[in-house]
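Since the structure comes first, as structure tokens, the remarks are kept for the end.
Taken together, the values in this text are just the output of simple stated rules run on the coordinates, not laboratory data. The shown structure was predicted, so the numbers you read here are calculated from the model rather than taken from an experiment. Every residue, glycine as well, gets a Cβ built from its backbone with ideal geometry; the counts of neighbours run over all protein chains shown.
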Amino acid sequence: MAGARHITVSETSRPVLPRHAKLKFDETRQVWVILAPERVLAPDEIAVEVLKLCDGIRNVAEVVDELAAKYAAPREAIATDVVAMLQDLADKGFLTEAREKTHE
Amino acid sequence: MSEVLADGKVTGGDPHDGLAALESRRSSAETFGIPLAVLAELTHRCPLQCPYCSNPVELDRAGSELTTEEWKKVLSELAEIGVLQIHFSGGEPTARKDLVELVQHASDVGLYSNLITSAVLLTREKLAALADAGLCHVQISFQGNEPVVADRVAGLKHAHGKKLEAAKWTRELDMPLTVNAVMHRQNLHQLPDIIQMAVDLDADRLEVANVQYYGWALKNRAALMPTLAQIEETSRIVEDAQARLKGILAIDYVVPDYYALRPKKCMGGWGRQFFNISPAGKVLPCHAAESITGLEFESVRSNHSIAWIWQNSEAFNRYRGTSWMPEPCKSCEFREVDFGGCRCQAFALTGDAGNTDPACTLSPMHEAIFKQAELEAASDNNRFLYRNFAGGTLETGD
């Protein structure tokens, strides 16, 4: 069931792009894109930074820690933005979890 | 994050235009960036006979189809000029014996590949071979939620059952599945069940597409046209399902423009973000464009590059942008919102592709066409003219 694939992103999630969502640098347009079924998403710079860290090994908390350290920014604000961005991607079906799934 | 449907259709309720976001960073209004995605119509051959088929009434014969080597050259060229996605379509693309080879070639040159199929010719082995070749996504058309209606619309016995099977294989092979449901008066009552079917099939996405009336569909308009009440009910059902199934099933909704007040931004505007390649190699601004007589379309078999055809050919420039527009489009505040609607529909209904699309209330023909649609919707003419190479065959029985 599709419902079983629905994930709720939290700091303990270990998100990763599924096989059918490809993060790629578009040489012609000089921008990062996510190629997905019949769609081309244009992630902004922050989203690209986040997605490069979403390797299915790091959890969201670790991704947030890395970004907070890199940008010397408040951890809480970054956590809110990262979770919201990933949840949006998950809701569209372009994000999966590397380990056990959070069922609805 | 912005988003655009790769075939130029705008997704329901999403105001963002990802392509504009990409394209606005470069070039002037006079040059148009290479589309993100291209539709490759590999063949017009198809075992189905749907009466609303988007192929032209004059179908390309098997003998005129591009060869395997020609298609491979086209795919390489598309990747080189910046196309990111390829949609393998038809006719029925799996009727081509070289499909696995073409998908493999698309993967080799870095194209993201989608298969748009009726699925009735697929076997599990064939689908597995396509997945191994790098196929990224499968879209299967459904004509209803059960065989009586679905097989009648498809004009093929046992089609529905085969589609259900292929949809299951798609998910077993871990490929994302889109269910495409073309809706009209003969199947709109099944929409809630079709939505449930898509959920049960573990589809990621459902396209609820009301028939667009040119070519074969225009010939079948009286049998297909829904009533205004049906359309209102459809919109309600879709909106409800979109909210209820968020995160489970994405639903894209293509509204029927006969009952709209403003025309659709067809193909995102003529020659702005989409082209397709016909089985015989013509480069077209939309899959129905060959229905417009008097336009010459260049072929990939010509001496011109695909990029040159896109940028410079007469057919692409004829209705590109806004300078070709007559009144009431010319001074209309929405001219860059809808780009005057659909050229094929303007041609089919007014005889001149340069007229305002009659779907627009500002067209002098809008009222008459709206009335005509209402009359036909209320009629009991339910007999199909099935699509085939013989110019169509009338439905028999009942």
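Starting from the Cα gyration tensor of chain B, take the square roots of the eigenvalues, sort them a ≥ b ≥ c, and report rounded, prolate or oblate (rounded when a/c is under 1.5, otherwise prolate if a/b is larger than b/c, else oblate). Since a/c stays below 1.5, the shape of chain B is classed as rounded. Annotation: the antiparallel percentage among DSSP beta bridges lying fully within chain B is about 15. Each listed q (0.22 Å⁻¹) maps to a log10 I(q)/I(0) for chain A, found by the Debye formula over equal Cα scatterers with no solvent: -1.20.
Using the Karplus relation 6.51 cos²θ - 1.76 cosθ + 1.60 with θ = phi - 60°, the per-residue 3J(HN,Hα) values for region B:276-288 come to 10, 10, 7, x, 8, x, 6, 9, 10, x, 7, 5, 9 Hz, with x marking Gly and Pro. Our helix-only sum for chain A, with -39,500 (n - 2.57) per DSSP H run of n ≥ 4 divided by its residues, gives a mean residue ellipticity at 222 nm of -11500 deg cm²/dmol. Averaging the Cα positions of each part gives two centres, and for region B:127-168 and region B:352-391 these lie 29 Å apart.
In the protein assembly as shown, the DSSP beta bridges split such that about 40 percent are antiparallel, to the nearest 5. Mean sequence separation of contacting Cα pairs (under 8 Å, at least six apart), scaled by the length of region A:1-64, corresponds to a relative contact order of 36 percent.
Compute the distance from the alpha-carbon center of region A:12-72 to that of region B:36-56, in whole Å. Using only Cα atoms, the two centres lie 35 Å from each other. From its DSSP helices (H runs of at least four residues, each -39,500 (n - 2.57)), chain B gives a residue-normalised ellipticity at 222 nm of -9500 deg cm²/dmol.
Rounded to the nearest Å, what's the spacing between the alpha carbon centres of region B:201-275 and region B:276-348? Just the number, please. Comparing the Cα centres of region B:201-275 and region B:276-348, I get a distance of 22 Å. Taking label positions 7 Å along the Cα-Cβ direction at both B:ARG301 and B:GLU101, the computed distance is 1.8 nm, reported to one decimal.
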